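J.: Before anything else, here's the structure in question.
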Amino acid sequence: MQTENKTTTEQLHPPVVGLTGGIGSGKTTVSDTFADLGITVVDTDVIARQVVEPGTQALTRIAGHFGSDNVLQANGALDRQALREIIFTSPEEKQWLEALLHPLIRKETMRQIQQSQSTYTILVSALLLESGQHQWCQRVLLVDTPEQQQVARTVTRDDSTPEQVESIIRTQMSRKDRLSLADDIIVNDNSLDALTQAVKLQHKAYLELFNA
């Protein structure tokens, strides 16, 4: 299965580097830096929002299934927080939603990878390892951050409580398991300048690897 998925990605546009990390690890900052260096970034979180924008068939089905009053905002956009609360307490509803959205997200992800014109493509996914998306990639790049810093950054960014963030961390793959599965690691426990320099060094290494 792994070989088959990798072949599919190679036929689309090789090579693909999967970028992942826990909540608050700094994935967006890292991917933005790769983009500034001229690398195409395909972000599954962005795609997940695109496939449920107003007017899409997916949003129509979600509203029909859960009820418009329960999951739509006044302007017709998806109320992501309300939907998150519903599926958080119902594994069956979560399964229904994933069965609807995952094929759409996968199709759009592959389309964007195929259109990439850069030397390599960054595929950003918080669930890269959990979902099996890493099988599409030639390398897995992990942004590694100590849990204490993950919590502090997310609380500041999302106006969440430490308890809420810790609860999310517990549902994600452990730091130890991520480290064991990563091909390359950028440690984000210092300044923004230090992180930027680390990305630039990794970019240089990828150019040498993929141009060889």
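The values are calculated or read from the model by the stated rules, or taken from the named source; none is laboratory data. What you see is a predicted model; the values in this text were computed from it and never measured. Backbone-built Cβ (ideal geometry, glycine too); neighbour counts: all protein chains shown. Surface areas here come from the heavy atoms of the whole protein model, side chains and all, with no ligands, DNA or RNA. Shrake-Rupley method; radii C 1.70, N 1.55, O 1.52, S 1.80 Å.
J.: State the label only: which of (1) 10.6; (2) 14.4; (3) 12.7 corresponds to mean projected area of the Cα convex hull in nm² computed from the shown model?
T.: Evaluating mean projected area of the Cα convex hull in nm² on these atoms matches (3).
J.: About the Cα centre of region 102-191, how large is the charge dipole given +1 on each Lys and Arg Cβ and -1 on each Asp and Glu Cβ? Please answer in debye to the nearest 20.
T.: About 380 debye.
J.: Work from the charge dipole of the chain (Cβ charges, +1 for Lys and Arg, -1 for Asp and Glu, about the Cα centre) and give the residue of 25, 35, 82 farthest towards its positive end.
T.: Of the options given, the answer is 35.
J.: With runs of 4+ DSSP H residues as the only contributors, calculate the mean residue ellipticity of the chain at 222 nm using -39,500 (n - 2.57) per run, divided by the residue total and rounded to the nearest 500.
T.: Calculated at 222 nm, the ellipticity per residue is -18000 deg cm²/dmol.
J.: Which order do 53, 108 take by accessible area at a 1.4 Å probe, largest first?
T.: The residues order as 53, 108, largest area first.
J.: Each residue of region 15-26 in order: what ³J(HN,Hα) in whole Hz does its phi give by Karplus 6.51 cos²θ - 1.76 cosθ + 1.60, θ = phi - 60°, with x for Gly and Pro?
T.: x, 10, 10, x, 10, 9, x, x, 4, x, 7, x
J.: For residue 197 and residue 57 in one chain, what is 0.36 nm times their gap in residues minus the Cα-Cα distance, to one decimal in nm?
T.: Using 0.36 nm per residue and subtracting the Cα-Cα distance, I get 46.2 nm.
J.: Return the long-range amide H neighbours of residue 124 (sequence gap of 5 or more, or a different chain), with a cut-off of under 5 Å between placed amide H atoms.
T.: 19, 42, 43, 44
J.: Could you provide, to the nearest whole Å², the per residue accessible area of the chain with probe 1.4 Å? Working shown, then result.
T.: Numbers: 11790 Å² over 212 residues.
Solvent-accessible surface per residue comes out at 56 Å².
J.: Right, next: Rounded to a whole number, what % of the accessible area of the chain do carbon and sulfur atoms account for, probe 1.4 Å?
T.: The computed percentage sits at 49.
J.: A further question follows. Determine how large the accessible area of residue 144 is when every protein chain is in place; take a 1.4 Å probe and give Å² rounded to the nearest 10.
T.: The accessible area of residue 144 comes to roughly 10 Å².
J.: Report the label-to-label distance for residue 170 and residue 212 in nanometres (one decimal), using points 7 Å from each Cα along the Cα→Cβ vector.
T.: In this crude label model, residue 170 to residue 212 measures out at 4.4 nm.
J.: Further question: Any idea what the relative contact order of the chain is, in percent, if you count C-alpha pairs under 8 Å spaced at least 6 apart?
T.: Contact order relative to length: 37 percent.
J.: Relative to the Cα centre, what is the charge dipole magnitude of the chain, using +1 at the beta carbon of each Lys and Arg, -1 at the beta carbon of each Asp and Glu, and rounding to the nearest 20 debye?
T.: Dipole about the Cα centre, nearest 20: 380 debye.
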